[in-house]
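What follows is a single structure, written as structure tokens, with notes after it.
The values are calculated or read from the model by the stated rules, or taken from the named source; none is laboratory data. None of these values were measured; they are calculated from a predicted model. Note: ideal-geometry Cβ built from the backbone for every residue, glycine included; neighbour counts use all protein chains shown. Calculation scope for accessible area: heavy atoms of the full protein, side chains included, ligands and nucleic acids excluded. Shrake-Rupley method; radii C 1.70, N 1.55, O 1.52, S 1.80 Å.
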Amino acid sequence: MMSDDPILYVNGDYVPLSSAAISPLDQGFLLGDGVFDVVSAWKGVIFKLDEHIERFFDSMLAACLDPGWTAEQWKDIIIETTRRNELRDATIRFIVTRGVPKEVVADPRNFDATVIVWAAPYIFLADEATRDQGIRLMISSTRGFPADSLDPRYKCLDRLHSQLVRLEALSAGYDDAIWLDHAGNVSESAASNIFAVKNDIVYTPAGGILRGVTRQTFIDLARAAGFKCEEVTMTPFDLYTADEVFTTSTAGGALAVREIAGRQIRRAAPGPVTVRLNEDYWALRESGANGTPIYD
Ligand SMILES: Cc1ncc(COP(=O)(O)O)c(C=O)c1O
């Protein structure tokens, strides 16, 4: 249950949302200068917390934003925040920003990080009816950042481009959109990675993407189920002509795609490979493997 006034961890204290505050001068707010990660818990168990923490440390390291805490310290706060909200099915977001500048002309090396951990009830990217029938995707006119500008592997607060992608998709009557890289290759969607199935081979873009923890889980599950799974360069043509297309994210596992930019996907969504791999994903989660229990 979502509390009316959830407890957040903010800069050393556990505080109700109604009295939580950060400065309007925080660089995270002013500049999108921060990184974050998102894990989820199901039935009281956080899935692949170590993998999310590792990706978070990579983002912090690359962005020179590390407040110096150990992985264990981060984990304790993530678990404690979830406990204090008495959540078993949860989406937990942890954020670090460059905080409030110490001088008027801010030197980005001289900062005290702002840290926020927020545990909310579990979020699915789409409602149940949409999950059952599959989503409609467009190809966005907004491209992803090239790696020599802002490497997509940063999980950073600067998400204006993904908001623009979603705005464009929703305004055009689609559920979401895929963005391409500057060479016209398929990257990912606003908050998920993408897979295509063709002749029982599972494909996913190799680069120009956020390295989704769920994406890696589906690659491993596909191979364990006996499918060939290849990380490749693909263009929209490969999606239009696939047998099945699905997206993956921490917010629900696989989400079947039924249409891309006016083309019906060949097999009715959700297709059999999508269903099989999503069942394996939820079975893996329910098994407790790669899991961190929140409650003793
Ligand atoms: C741009 C983008 N790609 C992919 C993903 C999926 O990553 P994960 O499977 O780790 O949730 C996300 C998640 O928020 C995302 O924002």
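Brief remarks on what is shown
- Single residue of segment 14-53 satisfying the filter (under 18 Å from ARG83 (Cα atoms) and hydroxyl-bearing (Ser, Thr, Tyr)) that is least open to solvent (accessible area, probe 1.4 Å): SER40
- For segment 217-236, filtered to residues that are acidic (Asp, Glu) and part of a strand (DSSP E or B), the residue that is farthest from the ligand (Cβ to nearest atom) is GLU230.
- Of the candidates LYS48, LYS43, the single residue that is basic (Lys, Arg) and within 16 Å of the ligand (Cβ to nearest atom) is LYS48.
- Tabulated pairs, segment 152-176, first basic (Lys, Arg), second assigned to a loop (DSSP other than H, G, I, E, B) and surrounded by 16 or more Cβ atoms within 10 Å (Cβ to Cβ), C-beta under 7 angstrom, 6+ apart or interchain: ARG153/LEU210; LYS155/LEU210; ARG166/ALA190
- Number of positions in segment 18-40 that are aromatic (Phe, Trp, Tyr) and more than 16 Å from the ligand (Cβ to nearest atom): 1
- Strands (runs of 3 or more DSSP E) wholly inside segment 73-186 that include at least 2 residues being open to solvent by less than 20 Å² (accessible area, probe 1.4 Å) and not assigned by TED's automatic domain parsing to the domain that holds GLY253: 90-97, 114-121
- Candidates PRO236, PRO272: the one that is touching a residue at least 40 places away in the same chain (Cβ under 8 Å) and assigned by TED's automatic domain parsing to the domain that holds GLY144 is PRO236.
- Of the residues making up segment 188-216, just one is more than 15 Å from LEU125 (Cα to Cα), of a type in the set (S, T, N, Q) and either crowded, with 23+ Cβ neighbours inside 10 Å or within 6 Å of the ligand (Cβ to nearest atom) (or both), namely THR204.
- The residues on offer are LEU61, LEU49, and the sole one that is within 16 Å of the chain's Cα centre (by Cα) and within 28 Å of GLN216 (Cβ to Cβ) is LEU49.
- Checklist (1) more than 13 Å from the ligand (Cβ to nearest atom); (2) out of contact with any Lys or Arg (no Cβ under 8 Å at 6 or more places or on another chain); (3) under 20 Å from ALA147 (Cβ atoms) applied to LEU170, failing item: (3)
- Among strands (runs of 3 or more DSSP E) entirely within segment 237-296, having at least 3 residues that are open to solvent by less than 40 Å² (accessible area, probe 1.4 Å) and not acidic (Asp, Glu) singles out 244-249, 253-260.
- Pair list, Cβ under 9 Å, 6 or more apart: segment 199-214 residue assigned to a strand (DSSP E or B), other residue open to solvent by less than 30 Å² (accessible area, probe 1.4 Å) and within 6 Å of the ligand (Cβ to nearest atom): THR204/ASN193; THR204/ARG215; THR204/THR248; PRO205/GLU188; PRO205/ASN193
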